Amino acid sequence: SRDTNMASSSNDEAAQRLLQKQTSSNLSGEGGDVVAAASHSTAKPSESTTGPSKKHESNHSKHSIKGILLILLGSFSFSVMFLLVKVMKNYNTFTLVFWRSLVQIAISLFDLAKKGTNPLGPNDGGVRFLLVCRAMFGAAAVCAWFFGIQVLPLPDAVTLQFTTPPFAAAFAVCMVNEKWKLLDIIGAVLCLTGVALIAHPTWLFGSIEGEIEDT
């Protein structure tokens, strides 16, 4: 009987060990499934978020390149326009302004008609007042530029024309309450100095032809 009791107790202990092993294996399997599911769920948002961000970055880079090319094209067109105005210095200034405006009106009306936009702008008194002011100052600027290019040496006219950014920044401080920091002031001074050194205006450096004749 004693041997029988010992055998039954050993069988009970073996059964308990087997039960513990099965329980631990089930827990570890469930834990692995939970971790795998969590990692899978976290991986999906990262893939979904990285895709649009890369697409947005590529679109932004394309727009940046397009903007740079358009700015370069505009600068080249302005340079050719100034040169042609200088070549036709014997013609009336307002004749040149008329033809420039005529071509610009034709291009503007074509684009506005294509997009179905009112040429007069939105039906808002405040906005139209600003449009009229912008048109008046723009027309005055074009007339003054063309007349200045006709009567001044081309380097002098280019120098005075490229003083626009510092003046615009100064007006923005006075009229729009924008902050003009020390770095902006330094940049404006360097801009004016660089334009003057590159264009070499006669009113600042003197006439090179006069120096040659004196020698």
Starting from the Cα gyration tensor of the range 56-145, multiply each eigenvalue by 5, take the square root, and state the resulting semi-axes largest first in whole Å. 27, 23, 13
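For the full complex of protein chains and a 1.4 angstrom probe, list Met136, Met175, Met88, Met81 by accessible area with the highest value first.
Met175, Met136, Met88, Met81
If r is the Cβ-Cβ distance from Thr202 to Lys179 and R0 is 30 Å, what FRET efficiency results, to the nearest 0.05? It would help to have the intermediate numbers written out before the result.
Details: r = 37 Å, r/R0 = 1.22.
Approximately 0.25, to the nearest 0.05.
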How large is ³J(HN,Hα) for each residue in the range 68-78, as worked out from phi by the Karplus curve 6.51 cos²θ - 1.76 cosθ + 1.60 (θ = phi - 60°), to whole Hz, x for Gly and Pro? 5, 5, 5, 5, 5, 5, x, 5, 4, 5, 4
Any idea how far apart Arg134 and Gln104 come out in nm if each label point goes 7 Å out from Cα toward Cβ? 1.2
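Take the alpha-carbon positions of the range 76-215, form their convex hull, and give its projected area averaged over all directions (one quarter of the hull surface) in nm². Walk me through the numbers on the way to the answer.
Numbers: hull surface 48.0 nm².
That works out to 12.0 nm².
Probe radius 1.4 Å, ligands and nucleic acids ignored: give me the carbon and sulfur share of the accessible area of the range 67-215 as a rounded percent. Could you put the intermediate results ahead of the total?
On the way: 8430 of 11420 Å².
Ligands and nucleic acids excluded, carbon and sulfur give 74 percent.
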Could you pull the accessible area for Cys191 with a 1.4 Å probe, rounded to 10 Å²? 50
The simple spin-label model distance between Asn118 and Leu70, using points 7 Å out along Cα→Cβ, in nm, is 2.5
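The values are calculated or read from the model by the stated rules, or taken from the named source; none is laboratory data. Quantities reported herein were computed from a predicted structural model and do not represent experimental measurements. As a convention, Cβ positions derive from the backbone with ideal geometry for all residues, glycine included, and neighbour counts pool all protein chains shown. Side chains are part of the model used for accessible areas, which takes the heavy atoms of the whole protein and leaves out ligands, DNA and RNA. Shrake-Rupley method; radii C 1.70, N 1.55, O 1.52, S 1.80 Å.
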